[in-house]
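What follows is one structure encoded as structure tokens, with my remarks underneath.
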Amino acid sequence: MSKEQNIIDFYVLCNRLKYVLRSGWISWNVKADRLESVAEHIYGVQMLAIAIWSEYSYNIDLKKVLMMISVHELEEIIIGDLTPFDLDKKTKKEKGHQAVEQILKNLSNADEIKNLILEFDECKTPEAVFANCCDKLECDIQCKLYDEKGYVCLEEQKNNKYLEVELVKQFINETKNWSKAWLKSSQQLYNYDENFLKVSNYVVNNKISNEIKTN
């Protein structure tokens, strides 16, 4: 195959992520007219990474971070956006890496891209830790945006497996608020550093969906 066909084939495959909906919002019965796609989530994580890097001056390779964020969800083209209740972590990782092999097989720099995905999954380098935290925090912020618009009712959560998680139940009972419970749970579950915690707490304590003036 030609390089041109490789480029277009890869693009068309990735384009599918525009239509893969984020499964967490389906699980929580979010009543928005249009739910966030995986592609939109990736874009949001990238923009969040740029902003956090800018304001807190992290000594990291931002280009590497953005590349990592761009490609780490490629597996979802094939396996979909699976929740922890769909597959155990080990099996999901195995299936994900198999999917990535298939998606990247014709690209010249496939190994370099796969290594970025493996680095993200191992979450040991400063860039991978930063990218993972941005990935989680972006989801937290989107949760707050949906909540502020009144798209979620805690009384309409029949068969929602997230409510079986003890930490989630604890914060739901304490806060009586969906997004606050989500954000507080994430602060316990993920390795947020001081700066990520500052942003997370700001989201908890402030209305963030006010219209932003651009002139």
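Just one of the listed residues (Asn173, Asn191, Asn206) is farther than 23 Å from Tyr56 by Cβ and of a type in the set (S, T, N, Q), namely Asn173. Would you check which residues across region 51-77 are under 29 Å from Tyr19 (Cβ atoms), in contact (Cβ under 8 Å) with a residue 60 or more places away in the chain and not aliphatic (A, V, I, L, M) and list them? If the condition is that a residue be under 29 Å from Tyr19 (Cβ atoms), in contact (Cβ under 8 Å) with a residue 60 or more places away in the chain and not aliphatic (A, V, I, L, M), then Lys64, His72 are the ones that fit. Within the set Ile103, Ile60, the sole residue that is more than 29 Å from Val199 (Cβ to Cβ), aliphatic (A, V, I, L, M) and either at pLDDT 95 or above or not in a loop (DSSP other than H, G, I, E, B) (or both) turns out to be Ile103. Going residue by residue through region 39-50, is there one that turns out to be farther than 21 Å from Leu17 by Cα and not in a helix (DSSP H, G or I)? Taking every residue of region 39-50 in turn, none turns out to be farther than 21 Å from Leu17 by Cα and not in a helix (DSSP H, G or I).
Among residues of region 172-188 that are in contact (Cβ under 8 Å) with a residue 12 or more places away in the chain and more than 15 Å from Cys133 (Cβ to Cβ), none has a Cβ under 7 angstrom from a residue that is of a type outside the set (A, V, I, L, M, F, W, C) and assigned to a loop (DSSP other than H, G, I, E, B) at a sequence gap of 6+ or on a separate chain. Of everything listed in (1) without any contact (Cβ under 8 Å) to a residue 60 or more places away in the chain; (2) aliphatic (A, V, I, L, M); (3) in contact with a helix residue (DSSP H, G or I) (Cβ under 7 Å, 6 or more places away or on another chain), the single unmet condition for Ile7 is (3).
What do you reckon, is Glu94 among the acidic types (Asp, Glu) and either free of Cβ contacts under 8 Å to residues at least 24 places away in the same chain or under 27 Å from Asp33 (Cα atoms) (or both)? Yes: the conditions hold for Glu94. For Leu189, the conditions (1) surrounded by 13 or more Cβ atoms within 10 Å (Cβ to Cβ); (2) among the hydrophobic types (A, V, I, L, M, F, W, C); (3) under 26 Å from Trp53 (Cβ atoms) all hold with the exception of (1).
The values are calculated or read from the model by the stated rules, or taken from the named source; none is laboratory data. Owing to the predicted nature of the structure, the values given are computational and were not obtained by experimental measurement. Virtual Cβ from ideal backbone geometry, glycine too; neighbours counted across all protein chains shown.
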